[in-house]
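**Q** Next up is a structure, given as structure tokens.
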Amino acid sequence: METGGVMGGVSGYEYAILGLILLIIGLAGVVLRRNIIFLLISIEIAINGVFLLFFGASLKVGYISQAIVLVLMAIAAAEAAVGLALAISIFRIAKTVNIDELSEMKQ
Amino acid sequence: MIEKIVFYAAGLSAIVFSLLAISRRQPIFGVLYLFLTGLTISLLFAIKNSFFLALIQIIVYVGAVLVLFVFVIAMMNLKISELFFGAFRRWRYLVVIVSIPILLILGSAIFSQLSLREQKFTYFTAKDVGGALYKDLFFQFEYLSIFLIVAIVITVFVGSRFEKDEKIQRR
């Protein structure tokens, strides 16, 4: 098994496993929490895990994978802006941040 | 050796801070722990000598995106009694049982690639970013500009949709 590249440093797999753990924590937070702000925070944590996954891949395939991290950061920023605008819009209509109360489409 | 110590300390603190971030009751504390998670991830970028990415992580992500969260929480101005949501449902903790097999399956996908050779990795300068964005990732870069314009239009539209009704209600 290959451990690390130069001088016994940290290999890309350790970054990838850490990124996976953060991704799973974020996805679990999306399912567990009912507050709309915490939903967006959980999505941000999952996206941070994906950053670490791509960064770990860059230790294997070169710096192009790190440029993908930059592209992902821009996408994450746009996602946060749209998500927070939707959160404010929902809060204006329903006067609550609990997503269990937003069931108008059932009727 | 020191690289491994810093990596494990930063990685463990990233996991702990993210668990704290999704388990707080008040949103502002969740955002503050998310700040700490972003800073530790920037440290994880920095110990592999990619200082440009670490700086972008701090400036763009921790600096700009999370301040947006703070502004939105300040706009909502929630009372602490509004943050207690009815009955607690115990079955939600089944998610933890489900998430461990997902972690193992995705992890096995990573460990099936163990034969890939580690690259000798030095620096990731701004010149490399420009080269990668304009040569290798040209489509993604141009797509991103359209994506950001669409995001701005959606944000302005969604944010300003109900202003007219609110003014009528005030009169």
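The values are calculated or read from the model by the stated rules, or taken from the named source; none is laboratory data. Here the structure is a predicted model, which is why all the values come from computation and not from measurement. Using ideal geometry, Cβ is built from the backbone for each residue, glycine included, and neighbour counts are taken over all protein chains shown. The area values use the complete protein model at the heavy-atom level, side chains included, leaving out ligands, DNA and RNA. Shrake-Rupley method; radii C 1.70, N 1.55, O 1.52, S 1.80 Å.
**Q** Quick one: count up the residues across the range B:1-34 that are open to solvent by 60 Å² or more (accessible area, probe 1.4 Å), closer than 15 Å to A:GLY26 by Cα and either outside any helix (DSSP H, G or I) or at pLDDT below 90 (or both).
**A** So the count comes out to 2.
**Q** Now a separate question. For A:VAL50, which of the numbered conditions (1) β-branched (Val, Ile, Thr); (2) more than 7 Å from every other protein chain (Cβ to nearest Cβ); (3) open to solvent by less than 30 Å² (accessible area, probe 1.4 Å) fails to hold?
**A** Here A:VAL50 clears every test but (3).
**Q** Still on this structure, I have one more. All but one of (1) more than 7 Å from chain B (Cβ to nearest Cβ); (2) open to solvent by less than 10 Å² (accessible area, probe 1.4 Å); (3) closer than 26 Å to B:MET76 by Cβ; (4) not basic (Lys, Arg) hold for A:VAL30; state the number of the condition that does not hold.
**A** Tallying (1) more than 7 Å from chain B (Cβ to nearest Cβ); (2) open to solvent by less than 10 Å² (accessible area, probe 1.4 Å); (3) closer than 26 Å to B:MET76 by Cβ; (4) not basic (Lys, Arg), A:VAL30 fails exactly one: (2).
**Q** Pick from the range B:49-68 the residues that are facing chain A (nearest Cβ under 7 Å) and touching a Leu at 6+ places or on another chain (Cβ under 8 Å): which of them is most open to solvent (accessible area, probe 1.4 Å)?
**A** Checking each candidate, the answer is B:LEU68.
**Q** Here is a check on your reading of the model: is A:ILE45 open to solvent by 40 Å² or more (accessible area, probe 1.4 Å) and at pLDDT 90 or above? Walk me through how you get there before you give the answer.
**A** Working: open to solvent by 40 Å² or more (accessible area, probe 1.4 Å): no; at pLDDT 90 or above: yes.
So A:ILE45 fails the test.
**Q** So if I check each of A:ILE90, A:ILE99, A:ILE43, which one is more than 9 Å from chain B (Cβ to nearest Cβ), on the phi < 0 side of the Ramachandran plot and touching a residue at least 60 places away in the same chain (Cβ under 8 Å)?
**A** Working: A:ILE90 fails: touching a residue at least 60 places away in the same chain (Cβ under 8 Å); A:ILE43 fails: touching a residue at least 60 places away in the same chain (Cβ under 8 Å).
After ruling out the rest, the residue left standing is A:ILE99.
**Q** Return yes when B:ARG117 is at pLDDT below 85, assigned to a helix (DSSP H, G or I), on the phi < 0 side of the Ramachandran plot and in contact with a helix residue (DSSP H, G or I) (Cβ under 9 Å, 6 or more places away or on another chain) and no when it is not.
**A** Details: at pLDDT below 85: yes; assigned to a helix (DSSP H, G or I): no; on the phi < 0 side of the Ramachandran plot: yes; in contact with a helix residue (DSSP H, G or I) (Cβ under 9 Å, 6 or more places away or on another chain): yes.
No: the conditions fail for B:ARG117.
**Q** Can you go through B:ILE110, B:ILE154 and tell me which one is open to solvent by less than 60 Å² (accessible area, probe 1.4 Å), within 22 Å of the chain's Cα centre (by Cα) and either at the interface with chain A (Cβ under 9 Å from one of its Cβ atoms) or at pLDDT below 70 (or both)?
**A** Working: B:ILE154 fails: open to solvent by less than 60 Å² (accessible area, probe 1.4 Å).
B:ILE110 is the lone residue from the list that is open to solvent by less than 60 Å² (accessible area, probe 1.4 Å), within 22 Å of the chain's Cα centre (by Cα) and either at the interface with chain A (Cβ under 9 Å from one of its Cβ atoms) or at pLDDT below 70 (or both).
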